[in-house]
Every structure is written in structure tokens, then in C-alpha cells.
Amino acid sequence: MLKKQDAIVLKSIDYGETNKIVTLFTKEDGKLAVLAKGAKKPNSRFAAVTQPFVYGSYLYFQGNGLPSLSQGEAVDSFKELQFDIVKSAYAAYITELVDKLTEERKPTFFLFDWLLLALRQINTGQDAEIIARIMDMKMLPLAGAKPELDCCACCRSETRDPVAFSVAYAGFLCRNCIHKDERAFPITLPFAKLFRVLYYVDLTKVGTISVKAETKRRLEWMIRTYYDEYVGVQLKARRFISQLDKIGGLSSDVDK
Ligand SMILES: [Zn+2]
């Protein structure tokens, strides 16, 4: 049976001498691995459409076993992502995160839209690191680790001005509860608001978010600590980004 779907390439691995196994994130069926015969050959008609981050329309044969790619047509290849090392590093981070936190053939409609929007936003020059943090935050409920950002995670009182973020309590802490977790990250009110925005923001509106480099480092550290505690995924792209950071590959990322 042939099936046609819009999809985004999450990853592509070599298989045998000439083939690739391509992990697609499809709109209707979620994550799906397909065999792209001959795609490793440079002149293959599949060479371009099996590159990471490509958004396209894919026709594949669905029989017993691994579906086999029959046709592919790129809708958007996100050229900027393919050729800019920082953008491609963050695009790789986001696609790897989606790959690690989803199961095959479990459709999540909104996730397809988020992923597409995130790649589009990075491609058009929005802050790639912030887009990655937004995806980190938005993926948390899917990973079964939704943080409490609407009230104090300890006493449950409604708090307009949380003073800390606690990994142990999985959320904000109010003034009365901050002492309950000595490892909680103290936060300012603007930081708390930013944290909430990253979680709730509509990805089409990220252009309005401007964050200082120092704040970004703090966000990354807090979110990573939270992920290590509750999600526990090791991302290759994260290691690459921190290496880039060390050699100054992100130095264009100046304070705004
Ligand atoms: Zn409290």
C-alpha cells in the first residue's frame, strides 16, 4: 500500500552500501522510519530529500516490515539551516529531542506543527538558542515532566511572584517555601515571567522575545538540570553545542 505524507526528516543513517534509513516525523502517524534505497549515492533522487531537517512530501510503500520510500519532494529544505553551523546545531538539537521523546507511530499533531515552526523560525534568523529552550519547555508534558509554573509547587498557593525554581519540587516556589529546597535556583520576577513565557508562548510570536546571553546560560543550566532529573535523555547535539561554545563558535551570539 502506498501512502503519502507531509513529514520532517529527524535523522538519516547509512544502511548497507548504498541505502539510508530515514526517520521521518510525519504529520499523521508521528515518527516513522523508512528505507530509502540508493539514497547514499550522490546522484540519487532521494539524496536531497533525506537530508536532516528537510520538510517535504513523502510517498512510501507500506508492507510488512520497514516502509520503503518511493518518492520524495522537498517543500522547504531550510537552506539557512543546512549551511550555518550554529543554526544547524540548534536544529539538530531540536530534532534529536523530538526523536528521543517520541515513540514510533504515535501521532502528536501539535508536535509536528511546533517542530515545523521551530525550524522555520531558526531558518529565518530568530534566536536559535531561545527556540531550543522553548522546545525544551514545551516537550516537558510529553516527557511526563510538566513543571508547575502557575502556583507554588510546594504549598500550591497562587503566587504572582515566585522567588525560586525548584527541581526537587518540579516548579516555582513562593517566599514561604523557598527554604524547603536548599538547592532551588533563586530567580527574579522578570526571570520567572520569561520562564513562563517560554513554556506558554506561541512559536509564531518568538520574534518579540529578546534575552541576554547571561540569562540564556542560566536558562540552559536550569532546564538541563531539570531534564537530567526527570527526563534523562543524552543528546549528541547538546555536546556539540557546548563544544561550539568553547571554541567561540557562538561568539556572534552577543548580548542584545
Ligand atoms: Zn509555597
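The values are calculated or read from the model by the stated rules, or taken from the named source; none is laboratory data. Worth saying up front: this structure is predicted, and the values here are computed from it rather than measured. Reconstructed Cβ throughout: ideal geometry from the backbone, glycine too, with neighbour counts over all protein chains shown. What goes into the accessible areas is simple: the full protein's heavy atoms, side chains included, and nothing from ligands, DNA or RNA. Shrake-Rupley method; radii C 1.70, N 1.55, O 1.52, S 1.80 Å.
Against the definition (β-branched (Val, Ile, Thr) and open to solvent by 10 Å² or more (accessible area, probe 1.4 Å)), how does THR23 come out, yes or no? It is true that THR23 is β-branched (Val, Ile, Thr) and open to solvent by 10 Å² or more (accessible area, probe 1.4 Å). Only one entry in ALA168, ALA164, ALA132, ALA91 is out of contact with any strand residue (DSSP E or B) (no Cβ under 7 Å at 6 or more places or on another chain) and not assigned by TED's automatic domain parsing to the domain that holds PHE240, namely ALA168. Of the residues making up segment 120-151, those that are within 13 Å of the ligand (Cβ to nearest atom) and either open to solvent by 30 Å² or more (accessible area, probe 1.4 Å) or among the acidic types (Asp, Glu) (or both) number 2. Within the option set ARG175, ARG218, ARG196, being within 16 Å of the ligand (Cβ to nearest atom) and open to solvent by 20 Å² or more (accessible area, probe 1.4 Å) holds for one residue only, ARG175.
The residue that is most open to solvent (accessible area, probe 1.4 Å), among those in segment 45-76 that are modelled with pLDDT of 95 or more and more than 26 Å from TRP114 (Cα to Cα), is PHE61. When segment 152-172 is examined, which residues are found to be open to solvent by 20 Å² or more (accessible area, probe 1.4 Å), within 12 Å of the ligand (Cβ to nearest atom) and either touching a residue at least 12 places away in the same chain (Cβ under 8 Å) or among the basic types (Lys, Arg) (or both)? Within segment 152-172, CYS154, CYS155, ARG156, SER157, ASP161, VAL163, TYR169 qualify.
Scan segment 28-42 and tell me whether some residue there is among the acidic types (Asp, Glu), open to solvent by 50 Å² or more (accessible area, probe 1.4 Å) and without any contact (Cβ under 8 Å) to a residue 24 or more places away in the chain.
Step one: list which residues in segment 28-42 are among the acidic types (Asp, Glu), which gives 28-29.
Add one more test, that the residue is open to solvent by 50 Å² or more (accessible area, probe 1.4 Å), and what stays is 28.
Remaining after also requiring without any contact (Cβ under 8 Å) to a residue 24 or more places away in the chain: none.
No: segment 28-42 contains no residue that is among the acidic types (Asp, Glu), open to solvent by 50 Å² or more (accessible area, probe 1.4 Å) and without any contact (Cβ under 8 Å) to a residue 24 or more places away in the chain.
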